[in-house]
1. Considering only the other residues whose Cβ falls under 10 Å of the Cβ of F439, what net charge follows from Lys and Arg at +1 and Asp and Glu at -1?
2. With viscosity set to 0.890 mPa s and temperature to 25 °C, compute the Stokes-Einstein D of region 369-509, Rh being the Kirkwood radius across alpha carbon pairs; µm²/s, no decimals.
3. If a/c stays under 1.5 just call it rounded; otherwise compare a/b with b/c (prolate if a/b is bigger, oblate if not). Do that for region 322-445, with a ≥ b ≥ c from the square roots of the Cα gyration tensor eigenvalues.
4. Report the FRET efficiency, 1/(1 + (r/R0)^6), for Q339 and E412, where r is their Cβ-Cβ distance and R0 is 22 Å, rounded to 0.05.
5. Each label point is 7 Å from the Cα along the Cα-to-Cβ direction; what then is the distance between the points at K400 and T326, in nm?
6. Under the Karplus relation 6.51 cos²θ - 1.76 cosθ + 1.60, θ = phi - 60°, what is the ordered set of whole-Hz ³J(HN,Hα) values for region 22-28, x standing for Gly and Pro?
7. Of the listed pairs K208/K314; K14/K309; K14/K525; K306/K496; K14/K306; K142/K525, which have alpha-carbon separations greater than 30 Å here?
8. How far apart, in nm, are the 7 Å Cα→Cβ label points at K306 and V388?
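Every number in this text was worked out from the coordinates using simple rules, so none of it is lab data. For clarity, every value in this text was computed on a predicted model and none was experimentally measured. In this analysis, Cβ positions are derived from the backbone assuming ideal geometry, glycine residues included, and neighbour counts consider all displayed protein chains.
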Amino acid sequence: MERLEQFLEWGGTKRSIVLLVISAAALVMSLVGDHRLPFDPAWIAVILCGVPILLEAVIGLVTEFDICADVLVSLALIAAVIIGETFAAGEVAVIMQLGSLLEELTVARARAGIERLVRLTPRTARVVTDGGETVLFAEQVKVGDLIRVLPGETVPVDGVIRTGVTSIDQAVVTGEPLPVDREPGDEVFSGTVNQFGPFDMEATRVDKDSAIQRMIRLVQSADAGKAKIVGLADKWARWIVVIALISAGLTWLVSHEAIRAVTVLVVFCPCALVLATPTAIMAAVGNATRHGVLTREGDALERLSKVRKITFDKTGTLTYGTPEVTAVRSFSGSLSETQLYRLAAAAEQWSEHPLGRAVVRCYRAGNGEAPACSRDFQMLTGRGVAAVVEGKQVLAGNGKLLSAYGIALPEEISREAEIYRARGGTVIFTAVDGTAAGFLVLSDTLRPSAERTVRQLGEIGIAPVLLTGDHDSAARYVAGQLAIPEVHADCLPEDKLTYIGGCQDAGESVCMIGDGINDAPALKKALVGIAMGGVGSDIAVEAADLVLAGDDICEIPHLLRLSRRMMTTIKCNLVFSLALNFIAIVLAIVGILNPVAGALVHNAGSVFVIVNSALLLGWRGKTG
């Protein structure tokens, strides 16, 4: 059904373009006096472009008593046709339909991305019973059931681990870049992925109460109330219609000339006014596209101009979102840091743990292949690995691993490791031949453009906020590097939603920038949502209004300046349009303008609006 609707919408757009081209050609034939047809060619424009306007006006009046700009245009078309000014009627109809087409092309249909979220929901669960395992639909699981989750499987419901030790990728819920180790007593969430090691868990929240289902409901509801663009002509349509009718009526009563009254109706038609906003938006959208920003909602830039606070997700937005070895510390007199790194990478070569794989990847990227470890490799789930490398017994893992082998961790190593943990790093301790030798640190790394972006936002009066599901220490370390004063860490999707909702209830217009599935509700709730298109999830992209196709956040300051420049252009267009209408009305009342001349004046106004808007295409504001 959705594909059919999209096809019909696209078909409608193509049909509108074809009808406009035919109508414009007919008007040209009428203007040059082409008499190859047995009737005035302007009638083609009146029928193809004018009749839809009449129908829209009638339907709006009858069903909702909606007095929009189409009502005034319809009155002008009918009056012009009655007195024989067919060309003027066709010209007004074409210009109005052109404005409607531009709005259709500019304003995109919202795509919630709910279907992708639904596909993330596990469909089945392994329920452990006295008779063995029974595979049930996930919605049939009850609180208290014992569930078994195998390596690589998605956790079907929320629960608490009872037996087994593993590592969980829970980026879907918290956005954390690194997997977290889980053991008996720890909580796990539906939609997260078991990295390795089977475990049994007791179900605590099932079906609609589970984490992934709550997120689906958040995304569905967060878009409610987000303002949509309304054309100024339609906002003022009721007053325009009343004033136009009074002016035309008085003109006819005083002058006793119907043509003057019709001219007043024609010049009252808000042609340039209708084009003022969509042409500027389309040009600004074109500018944004040239800078790698894709616009999914036509009014997104208009809303962005009102933003005074930007909330950033950390992982994948301000940082790359992948663990990197950022430090190697050796406390052994016989091993350099390079040698320690080499031994640790060799020991991790057969590891299934994501952090172990990250160590090997980073070592290979900078140093080439690590030496092979022997067949004596052991992986101790939840602790680390043990292997023999070049005749040396090498351990790489957490403090529990070293304790299991009876190796004491010196105070000096523990103290320095805590410094790195406070910065948000994950520490892998390394022991060689029964002695603690040092450690490796894995961290998420900042994007090079992050500091400059945050600084430029401050220069244009935008307050940055860090809103992340990562741990407090990691969040505050990143915020300190970027001089972001306000930090909210350990945020679940509903926490981000609540914060943004609270800001907007207090009258603060908020833009959210994120990349993960857990950011989708906040992206929807914010006045403007901006998603990272390259590393970002499809669901985050679907929930956003704007998408950074190249994941380059350095374009955000330009985007904000562009949105403000666009609004300035729109205001100039509106002022010019209103002034032109006022002058044309006066000239029509005194009889200087006839309907055709009035329509041509509108053409001139429309051309000015289009040219002024087109200047936005190549505009580039000053950058700090």
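1. Neighbour charge sum, excluding F439 itself: 0.
2. The diffusion coefficient I find is 134 µm²/s.
3. It comes out rounded by the Cα gyration axes.
4. After rounding to 0.05, the efficiency reads 0.70.
5. 2.5 nm
6. 4, 5, 5, 5, 5, 5, 4
7. Correct reply: K14/K309; K14/K525; K14/K306; K142/K525.
8. For K306 paired with V388, the spin-label model returns 7.1 nm.
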